[in-house]
Amino acid sequence: MKGIETQNELALVCIARKGDKEALQTLLGRNWTWVRAVVYSTLADGQDVDDVMQEICLRVITRIHTLREPERFRGWLAVLARRIALRHRQHTGHGPAQLADLPALAEAGSYAADPADDIERKELCGRVLEAVRALPEKYREVFVLAHSGGLTYAQMAEVLDVPVTTMQIRLVRARRAVRDQILQKSKHKVHEK
Amino acid sequence: MSATDDRLEILMGKLLDGEISPAEQRLLERELEHDAQARELLEQLQPLHECSREVVTQGVLKGGANSGEVFERAWRQNKRSLWGRVGQTLPVSFGGMRFAVGLAAGFLVGLSLHFVLVGGPEPPAETPPTPPVVRSVSPGMNDRGPAAPGFETSVPWDVTRKVDWYGFTDAAGNQWLIEGIREGMVRPAAYHGDL
């Protein structure tokens, strides 16, 4: 289907509801990052994310025709993703997500020019990771969504199914909690020295 | 933490996320000019924001299969699995499926009990048609004893109406045949003079 990328999401949803493979693929591709972010913030095991994403794709393929309001696709997809990830988490018997379990996260921050800056940055990223891990689930979800990029505030609110102001307050609190934890750790370090 | 702090931090967050409007940016700049603590807070938030973005982006995007690959696998799985597709149309959760199976089993047990133990539905007892009655009525309408054998009237379009008939002799000795309608109405029948 020519020029499908230029069509808006609403049109894509309408085409996808008729079972068009390319429309479905484009639609999922456009929403891939934030869906992964939702799954990441819910799951405990990073290895299972691809399995859950496949399950989500399968469910979208088989159930998209039941979506009555195409303009609510993003909210529908978010509910679907969260539900499948939660069920997977329950079946595998893991607790809530431990972001540090994800191997890719621990390798973050490795491009500073100065080796000293590099070490400092890696240390900061490690502490951010630890602080994000300690966040309650609803704050962690908004934090991960906001920093995974690609979604506006309005879209994030739609995904989280809350008003924009609520989403902003949650994000502020999540950032505050991360900052406070990092500052506390820094103070402890100074005292230890 | 006051509402003003929340508002200020929301503005800072919007600035970092690229969501701030020109009016909000002017407001934030004004606040930052007067508030040293706010400037310090923003300076702390900027590196944290960059680091958080880096950590989350790498965690979310790197190390996993791309969307096309995963989608293709799901598409093939959907095409292969007819049962899977049938399953999607049935109740979604396992609990829902169990409920549906239980409901069907209960229905079957109930149905078999009904036919085996009770013995099936009995046909409704037919009430014998009440024969029409012809009664003789005295001029004073007090005598209601039977006067004539019952008979049926037939109409040209082959419909049999069952009615009660009453014989009546008036003061002049004329005989009348009265049709008694079941609904309780009484109306005189035609007199042919040959009774």
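The values are calculated or read from the model by the stated rules, or taken from the named source; none is laboratory data. The structure displayed is predicted, hence computed values, not measured ones. Neighbour counts run over all protein chains shown; Cβ positions are idealised from the backbone, glycine included. For the accessible areas, the whole protein counts, side chains as well, though only heavy atoms, and no ligand, DNA or RNA atoms are used. Shrake-Rupley method; radii C 1.70, N 1.55, O 1.52, S 1.80 Å.
Only one of (1) crowded, with 19+ Cβ neighbours inside 10 Å; (2) farther than 24 Å from B:V60 by Cβ; (3) among the β-branched types (V, I, T) is not met by A:T66, so which one is it? With respect to (1) crowded, with 19+ Cβ neighbours inside 10 Å; (2) farther than 24 Å from B:V60 by Cβ; (3) among the β-branched types (V, I, T), A:T66 is out only on (1). The lone criterion from (1) at pLDDT 90 or above; (2) more than 12 Å from chain B (Cβ to nearest Cβ) left unmet by A:C57 is number (2).
Looking only at the range B:26-58, count every residue that is assigned to a helix (DSSP H, G or I) and more than 8 Å from chain A (Cβ to nearest Cβ) and tell me the total. If you could, list the steps in order and put the result at the bottom.
Our first condition is that a residue be assigned to a helix (DSSP H, G or I); within the range B:26-58, this holds for B:26-34, B:36-58.
From what is left, the residues that are more than 8 Å from chain A (Cβ to nearest Cβ) are B:26-34, B:36-43, B:46, B:50.
Total meeting the criteria: 19.
Taking the criterion of being without any contact (Cβ under 8 Å) to a residue 12 or more places away in the chain and within 9 Å of chain B (Cβ to nearest Cβ), the residues of the range A:161-178 that qualify are A:T165, A:I169, A:V172, A:R176.
Just need a number here: residues in the range A:67-98 that are within 17 Å of A:K18 (Cβ to Cβ) and modelled with pLDDT of 90 or more. Counting residues in the range A:67-98 that are within 17 Å of A:K18 (Cβ to Cβ) and modelled with pLDDT of 90 or more gives 2. Under the condition of being crowded, with 23+ Cβ neighbours inside 10 Å and among the charged types (D, E, K, R), the residues counted in the range A:27-36 number 1.
Taken together, B:Q44, B:Q25 contain a single residue that is modelled with pLDDT of 90 or more and farther than 25 Å from A:V38 by Cβ, which is B:Q25.
Only residues that are out of contact with any Pro (no Cβ under 8 Å at 6 or more places or on another chain), at pLDDT below 85, at the interface with chain A (Cβ under 7 Å from one of its Cβ atoms) and open to solvent by 40 Å² or more (accessible area, probe 1.4 Å) were counted in the range B:59-87, giving 3. For the range A:13-26, check the following and say yes or no: at least one residue is at the interface with chain B (Cβ under 10 Å from one of its Cβ atoms), modelled with pLDDT under 85 and open to solvent by 30 Å² or more (accessible area, probe 1.4 Å). No: the range A:13-26 contains no residue that is at the interface with chain B (Cβ under 10 Å from one of its Cβ atoms), modelled with pLDDT under 85 and open to solvent by 30 Å² or more (accessible area, probe 1.4 Å). Checked against the criteria, A:I4 counts as more than 24 Å from A:K138 (Cα to Cα), at pLDDT below 85 and open to solvent by less than 30 Å² (accessible area, probe 1.4 Å).
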